[in-house]
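**Q** Take a look at the following structure, please.
The values are calculated or read from the model by the stated rules, or taken from the named source; none is laboratory data. Because the structure is predicted, anything quoted here is derived from the model rather than measured. Please note: Cβ atoms are built from the backbone with ideal geometry, for glycine as well, and neighbour counts cover all protein chains shown.
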Amino acid sequence: MNIKNEDDPMNPIENTSQFVFQTYLRQGKAFVRGEGTTLIDEDGKTYTDFLAGIAVCNLGHCHPIITRAIERQARTLVHVSNLFYTVPQASLAAALVEKSFADRVFFSNSGAEANEAAIKLARRYFQSKGNKNRYKIITMEQSFHGRTMATLSATGQDKIKEGFYPLLEGFIHVPFNDIDALKAAMDDTVAAVMLEPIQGEGGVIPADPDYLVKVRTLCNETGTLLIFDEIQTGMGRCGTLFAHEGYNITPDIMTLAKALANGLPIGAMLATQEVAKGFDLGSHGTTFGGSPIATAAALEVVNIISDEAFLSGVNEKGAYFRGKLLELKEKHSRILDVRGKGLLVGMEIDTGTGGDEDKDAGFFVANSFERGFIINGIQGKILRFAPPLIIDKTEIDRLVAVLDSLFSAI
Ligand code: PLP
């Protein structure tokens with residue numbers, strides 16, 4: 001099937017190279033269609049997607065129920081602003097509150113904006129009570145919280161901060177999974193601790209379960225707010241609707257984005273009633289946040305993903321996938337580690353010491369792509385897999401066979 005329109009002179013690769021800011025290293029061909037776990041490029045070649053638009057299309061591409069919700073809402077009401085009430089936004093807020101620890105939701109358009117709102121809320125919660133000195137946020141080394149100035153300042157990776165100094169004041173980074181380091185950094189100027197239950201961009205690094213419990217206890221003892229960034233780990237990705245559910249603790253604030261509307265831009269910042277008091281009339285806002293189409297789609301996403309049977313399928317397939325990758329690890333000494341939870345899976349590889357045989361993550365990403373599989377590389381040495389949660393075991397087997405042949409060839 002050749003779906004390139006010969007009459008259309010548009011060349012997406014040339015035009016993107018010429019007209020779009022060159023901030024991304026893009027791969028391969030332009031995609032023109034997505035169906036379930038499959039993406040189709042302009043030459044009609046199909047790819048099995050093990051990335052889901054970076055943990056976004058958790059229900060697969062163009063899921064019929066989501067597409068219908070988008071179509072229906074696009075015909076009914078597209079935008080009125082947050083100066084008015086809308087049914088989809090109200091319904092989604094009620095559903096998120098019903099299914100989480102939270103009592104209130106603030107909607108945004110992206111993950112960075114949701115985190116920006118969380119940071120602002122943590123500061124304002126204390127300042128509105130007259131505590132002006134309590135404004136610092138402790139985050140984790142290797143964390144990723146976004147690209148706005150505040151979320152960049154919160155992020156614990158130096159390389160993405162280069163050239164943007166001075167950053168926002170008041171962020172302290174401590175090593176992840178180290179409770180003593182966190183205790184040492186705590187004082188009465190700290191408003192909140194912010195972390196990802198599994199660091200996604202940092203290399204798929206899960207929090208130790210007892211670490212999270214200790215963080216919660218420490219926050220309780222010191223009256224510090226706990227913020228979970230579940231932008232990548234939420235919406236069923238880790239086998240529960242929100243990853244922290246697997247650890248039996250709750251935060252005071254949680255952020256969501258990515259998969260919340262299965263591909264439409266949306267973010268959400270959820271908080272307890274007490275903490276939500278930090279934002280009052282006029283204290284925060286957005287034109288588009290929580291707009292009707294995105295929230296109508298997200299409501300369907302929440303309903304589908306929160307189903308017990310759906311989530312147990314994610315756990316089962318995740319365990320199967322990790323099991324198969326661990327079998328590969330037994331066979332190939334270049335595989336150093338397989339980790340993750342549910343269907344957020346990382347594989348750390350030994351990239352060698354600089355000789356001809358050296359193969360970094362980019363080699364596996366490019367060769368998998370050639371063979372019709374989309375995977376992702378982080379920091380040159382970690383392969384990240386975040387397939388649509390509807391992936392099946394046959395597709396997992398086929399990717400594992402490709403990886404097996406690639407590791408055998410080096
Ligand atoms: N937080 C986490 C944990 C993320 O993984 C990301 C994106 O990768 C963000 C925040 C930023 O989200 P966005 O790119 O929608 O601004």
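**Q** Provide a single number: the residues in the stretch 351-380 that are of a type outside the set (A, V, I, L, M), touching a residue at least 40 places away in the same chain (Cβ under 8 Å), outside any helix (DSSP H, G or I) and in contact with a strand residue (DSSP E or B) (Cβ under 9 Å, 6 or more places away or on another chain).
**A** Counting residues in the stretch 351-380 that are of a type outside the set (A, V, I, L, M), touching a residue at least 40 places away in the same chain (Cβ under 8 Å), outside any helix (DSSP H, G or I) and in contact with a strand residue (DSSP E or B) (Cβ under 9 Å, 6 or more places away or on another chain) gives 4.
**Q** Another question, if that's okay. How many residues are among the acidic types (D, E) and either without any contact (Cβ under 8 Å) to a residue 24 or more places away in the chain or loosely packed, with under 14 Cβ neighbours inside 10 Å (or both) if we restrict to the stretch 134-162?
**A** So the answer is 2.
**Q** Can you tell me how many residues within the stretch 142-175 are of a type in the set (K, R) and either more than 16 Å from the ligand (Cβ to nearest atom) or in a loop (DSSP other than H, G, I, E, B) (or both)?
**A** Of the residues in that region, 1 qualify.
**Q** Does G340 qualify as being at positive phi, assigned by TED's automatic domain parsing to the domain that holds A30 and in a strand (DSSP E or B)?
**A** On the way: at positive phi: yes; assigned by TED's automatic domain parsing to the domain that holds A30: yes; in a strand (DSSP E or B): yes.
Yes: the conditions hold for G340.
**Q** Scan the stretch 199-207 and tell me whether some residue there is away from the ligand (no atom under 16 Å from the Cβ) and among the acidic types (D, E).
**A** Checked the stretch 199-207: no residue is away from the ligand (no atom under 16 Å from the Cβ) and among the acidic types (D, E).
**Q** Sticking with this structure for a sec: Scan the stretch 265-279 and tell me whether some residue there is more than 22 Å from A191 (Cα to Cα) and either crowded, with 22+ Cβ neighbours inside 10 Å or at pLDDT below 95 (or both).
**A** Among the residues of the stretch 265-279, at least one is more than 22 Å from A191 (Cα to Cα) and either crowded, with 22+ Cβ neighbours inside 10 Å or at pLDDT below 95 (or both), which makes the answer yes.
**Q** Yes or no: G318 modelled with pLDDT under 95, within 17 Å of L343 (Cα to Cα) and more than 13 Å from the ligand (Cβ to nearest atom)? Let's see the steps before the verdict.
**A** Values: modelled with pLDDT under 95: no; within 17 Å of L343 (Cα to Cα): yes; more than 13 Å from the ligand (Cβ to nearest atom): yes.
When the stated conditions are applied, G318 does not pass them.
**Q** A follow-up question, please. For the stretch 106-133, how many residues are touching a Ser or Thr at 6+ places or on another chain (Cβ under 8 Å), farther than 17 Å from F144 by Cα and surrounded by 24 or more Cβ atoms within 10 Å (Cβ to Cβ)?
**A** The qualifying residues number 2.
**Q** Identify, from the list R124, R104, the residue that is assigned by TED's automatic domain parsing to the domain that holds H284, of a type in the set (D, E, K, R), closer than 22 Å to D280 by Cα and in contact with a Leu (Cβ under 8 Å, 6 or more places away or on another chain).
**A** On the way: R124 fails: in contact with a Leu (Cβ under 8 Å, 6 or more places away or on another chain).
After ruling out the rest, the residue left standing is R104.
**Q** Which of (1) touching a Leu at 6+ places or on another chain (Cβ under 9 Å); (2) surrounded by fewer than 21 Cβ atoms within 10 Å (Cβ to Cβ); (3) not aliphatic (A, V, I, L, M) is the odd one out, the single condition E330 does not satisfy?
**A** (1)
**Q** With β-branched (V, I, T), out of contact with any Leu (no Cβ under 7 Å at 6 or more places or on another chain), in contact (Cβ under 8 Å) with a residue 12 or more places away in the chain and part of a helix (DSSP H, G or I) as the only criterion, which of V314, V402 stands out? Write out each step before concluding.
**A** Details: V314 fails: out of contact with any Leu (no Cβ under 7 Å at 6 or more places or on another chain).
None of the others qualify; the one that does is V402.
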